[in-house]
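**Student:** The structure under discussion is supplied below as structure tokens; questions concerning it will follow.
Coordinate-derived values only; no laboratory data. Just so you know, these numbers come straight off a predicted model, no measurement behind them. Glycine gets a Cβ as well: all are built from the backbone with ideal geometry, and neighbour counts include every protein chain shown.
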């Protein structure tokens, strides 16, 4: 099976980008793909603590993320630089490994298919 | 009649934003409105010389702009700062007045309705 | 006096540079993310859509010249200001 | 080696920071505007969609490490590279 | 006061619908009037018939919320030029262009850009919801 | 080589269609194959029936160009979850949800996200056209 990298570069509640990306990642995992997810740039806001999607009648993204391990998606990565620039307070229910820019280059190079889901 | 300010903040050929904005401005002018058009940020690329929409099977935006005077839209403005930052080479068939940031604030304040047309 | 409706982080930056003294601005959606890192303009009164801030998990220091409001308050603001200008790069 | 398809000015900046040595990048649409102002990375081979540059009236100095190509050349590039990564913030 | 509103964003791509609907409802609740909501650019997708709200997002039925505004004397008007190039057609345009089916949702109508200008002209306030 | 493509942008909002179509045509001209083009997010609006191209822009008929690809053995597949919440329905979904009319253009079909993964898995190359 292929190594998939799903990139989430958009913030959670403005558009359905992040949610639709996660749905695709879960399907790839169900199909036995080796799935990694990378949060970078505005996408790191998906990791912010104390989200409450209900206040906007939406699903809470951080809760969806916390459930990814039950789909055997364990490799969640976040851009260290993007987190620091934005001063994101990460939800401590999430297990996310932070990567340098160079490590992100390597992650991309080691993937067979990169799904960005941007429109 | 009201004083309308149409703001064009998007580049020409990626989306139909600028073209649809200009169509709205022409209609407002036909309805006897007092119409100004402000190009700012990425929107100043609409003023670039040597455009050739045909190469992408689209209308050439700078030619549409040059025809605005026949709709009695004479007040074309561009953000000086946006032009300089991007090193835009302005089409010399266009008569456009450049404005400082403070002058843009005044232009907005002097308008009854500001139409940005952003999506 | 103008009221600025600011919908995106980039729109926020474009707006800040073109604010008029005594204008007000109302921040929606993702602009909640931008506020905390922005240099604040003293004369500008700023409002924030409470639901959008809560959704995103952003708790901002509202001792700054910033007030959390909801849609009915926004209606009142639009009665008091003209023109109302949207920013969404 | 990866091939990066870059579709927007902000995507260009996000991509530049994460390029791997010996990667190539292909610039489409509005990225034609961004190239001329960008610091160029020596090891990266860059290609530009000729039709999109012409549409926008941008004539770039192609003595820089930059080549104008069309769709058939892009197909050849995708044969030579994997993965192909899109950037469009 | 009399309001004219414009919506430029598509459903799910932006929060335009949620922001505009919540504002419009608050305007009407306070006794003001909205003559027309004008859907422009990608905003015309708000009037596409057949949108099925996902069952997991609190049954957020945007289309029904728009349609409910028509009972409060709000006209839902799509820019005809923006709409037909994107495939949002009423009966008349479907017939004119010999297409299979109309695709415009009940309660919405297709109008010219002149109706945007007319609405702004007769309103005390004009607001746009791009996202 | 065998390609899988994805399109994420709506017509007129982005250049996704023009870039993807031109690339797909060049791929086929060079003797490669494209198993499937997967339309995701706002990309599903590419498959909306009834799009009437503006007469002034060189008769750029995007829908016809997509449909012409099916004659070259390319499957045009819309993500069903993305499509039905936005109102792009085939006959089956129209019937299931009791809507007035189907809105999907001929030549396109609605499929699950599994078909995106399957296409990527069996392809030598996967490319995305977001804008």
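**Student:** Along Cα-to-Cβ, 7 Å out, sits the label point; list in nm, shortest first, how far the one on residue C:22 is from those in the other copies.
**Tutor:** So the label point of residue C:22 gives 6.6 nm to the other copies.
**Student:** Fewest Cβ neighbours within 10 Å first, please rank A:41, A:75 accordingly.
**Tutor:** Listing A:41, A:75 from fewest to most nearby Cβ atoms yields A:75, A:41.
**Student:** Taking 0.36 nm per intervening residue step and subtracting the Cα-Cα distance, what contour gain separates residue B:70 from residue B:97 on full extension?
**Tutor:** So the chain would gain 7.9 nm between residue B:70 and residue B:97.
**Student:** Another question, then. Which FRET efficiency, nearest 0.05, do residue C:1 and residue D:79 yield, Cβ-Cβ r, R0 45 Å?
**Tutor:** Efficiency computed from Cβ-Cβ geometry: 0.15.
**Student:** What is the fewest-to-most order of A:39, A:6 by other Cβ atoms lying within 10 Å of their Cβ?
**Tutor:** In order of increasing Cβ crowding within 10 Å: A:6, A:39.
**Student:** Smallest Cβ-to-axis distance in chain B, for the rotation taking B to A: which residue, how many Å?
**Tutor:** Residue nearest the B-to-A axis, with distance in whole Å: B:119, 6.
**Student:** Grab the residue from chain E whose Cβ hugs the E-to-F rotation axis most tightly, plus its distance in whole angstrom.
**Tutor:** Axis-proximal residue of E, distance in whole Å: E:101, 2.
**Student:** Another question, if that's okay. Hey, how many Å between the Cα centroid of segment F:63-131 and the Cα centroid of segment A:49-119?
**Tutor:** When both Cα centres are located, 28 Å separates them.
**Student:** Among A:80, E:8, F:41, what is the fewest-to-most ranking by other Cβ atoms within 10 Å?
**Tutor:** Going from sparsest to densest Cβ surroundings: A:80, F:41, E:8.
**Student:** Moving on. Near the axis that takes chain C to chain D, which C residue has its beta carbon closest, and at how many Å?
**Tutor:** Axis-proximal residue of C, distance in whole Å: C:10, 4.
**Student:** Here's a follow-up. On average, how many beta carbons from a partner chain sit within 10 Å of the beta carbon of a residue in F:4-12?
**Tutor:** For this peptide, the per-residue mean of nearby foreign Cβ atoms is 5.
**Student:** Top mean-square fluctuation among A:54, A:42, A:72, Gaussian network model of chain A, C-alpha springs under 10 Å?
**Tutor:** A:54
**Student:** What are the nm distances, shortest first, from residue D:76 to its equivalents in the other copies, labels at 7 Å along Cα→Cβ?
**Tutor:** Going from nearest to farthest copy, the values are 6.8 nm.
**Student:** If you put a point 7 Å past Cα along the Cβ direction, how far is that point for residue B:49 from the same point in each other copy, in nm, smallest first?
**Tutor:** Distances between equivalent label points, in nm: 5.7.
**Student:** Can you work out the FRET efficiency for the pair residue B:63 and residue F:64, with r the C-beta to C-beta distance and R0 = 25 Å, to the nearest 0.05?
**Tutor:** That gives a FRET efficiency of 0.40.
**Student:** Let me ask something else. With an 8 Å Cα cut-off and a minimum separation of 6 or more residues, compute the relative contact order for chain F in percent.
**Tutor:** 38 percent
**Student:** Average partner chain C-beta neighbours within 10 Å, per residue of F:24-36?
**Tutor:** Per residue, the average neighbour count from other chains is 2.
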